[in-house]
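Peer 1: One structure is given below, represented as C-alpha cells, and several questions about it will come after.
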Amino acid sequence: MNAKNISIVSGYILEEESAMTLAELCWTCQTPAETIIRMVDHGVISPLEGKSSRQWRFHRSALIRADKALRLRRDLGINLAGAALVLELLDEIDDLNGKLNQLMKSNL
C-alpha cells in the first residue's frame, strides 16, 4: 500500500475595500468580543471608525494582526500587552527590511 500525505491549508481572502464589524471579526477569529475589545485597549488592533464598540469597523488587516496575537497567546503564553509589543517589533523589522532592500536595489 502507498501512504499518502495530506496537507490541510487554511487562509483568508481579504477584500481591500470592505471593513469588518466587531461581530464579523469575532466570528472570523473565533474569539469572544471581550478579547477583541481588550486587543483594541492594548493597541494590538485599532478600529478604522466608530466611537463605541458597536460602531467599530476594522480594516481587513486587523484580522491578520488579531490572529497573530491569538497564536502568540495560545502557543507561547504571551499576554495581550506582550503580543502588542511583539507585533510592533515585527512591523519595525518588516519596515527596516523594506528600507534595506530599497537601499540595496539603488546601489546596484
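Just so you know, all these numbers are worked out from the coordinates, no wet-lab data involved. Everything numeric in this text was worked out from a predicted model, so none of it was measured. Virtual Cβ from ideal backbone geometry, glycine too; neighbours counted across all protein chains shown.
Peer 1: Sorted by packing (mean other beta-carbon atoms within 10 Å per residue), highest first, where do 72-79, 101-108, 55-62 land?
Peer 2: Numbers: 72-79: 12.4, 101-108: 7.9, 55-62: 18.1.
The packing order, highest mean first, is 55-62, 72-79, 101-108.
Peer 1: Can you list the lysines whose alpha carbon is less than 25 Å from that of Lys4, not counting same-chain residues fewer than 8 positions off?
Peer 2: Qualifying lysines at Cα under 25 Å: none.
Peer 1: Taking one equal scatterer on every alpha-carbon of the chain, how large is log10 of I(q)/I(0) by Debye at q = 0.17, 0.18, 0.19 1/Å?
Peer 2: Values, matching the q order: -0.86, -0.92, -0.99.
Peer 1: If you count, for each residue, the other Cβ atoms within 10 Å and average over each peptide, how do 82-88, 45-51, 94-100 line up from highest to lowest?
Peer 2: Working: 82-88: 17.1, 45-51: 13.9, 94-100: 10.0.
Taking the mean over residues of other Cβ atoms within 10 Å, the ranking is 82-88, 45-51, 94-100.
Peer 1: Once you have the alpha carbon radius of gyration of the stretch 35-87, what is it after dividing by 2.2 N^0.38 Å, with N set to its residue count? Mind dumping the intermediate values first?
Peer 2: Working: Rg = 10.9 Å, N = 53, 2.2 N^0.38 = 9.9 Å.
Dividing the Cα radius of gyration by 2.2 N^0.38 Å gives 1.09.
Peer 1: Can you give the extra length, in nm with one decimal, that the chain gains between Leu89 and Asn107 once fully stretched, where that is 0.36 nm per residue apart less the Cα-Cα distance? Don't jump to the answer; show the numbers that get you there.
Peer 2: On the way: separation 18, 0.36 × 18 = 6.48 nm, distance 2.69 nm.
Working it through step by step, the gained length comes to 3.8 nm.
Peer 1: Let me ask something additional. At 0.36 nm per residue, and after removing the present C-alpha to C-alpha distance, how many nm does the segment from Thr28 to Ile64 gain when stretched out fully?
Peer 2: Result: 11.9 nm gained on full extension.
Peer 1: Here is a further query. For n ≥ 4 DSSP H runs only, could you compute -39500 (n - 2.57) per run for the chain, divide by its residues and tell me the 222 nm figure to the nearest 500? Don't skip to the answer; put the middle values down first.
Peer 2: Values: 4 runs with 61 residues, N = 108.
Calculated from helices alone, the mean residue ellipticity at 222 nm is -18500 deg cm²/dmol.
Peer 1: Search the structure for amide H atoms under 5 Å from the amide H of Thr21, placed 1.01 Å from N in the peptide plane, and list their residues when 5 or more places away or on another chain.
Peer 2: Under 5 Å from the amide H of Thr21: Phe58.
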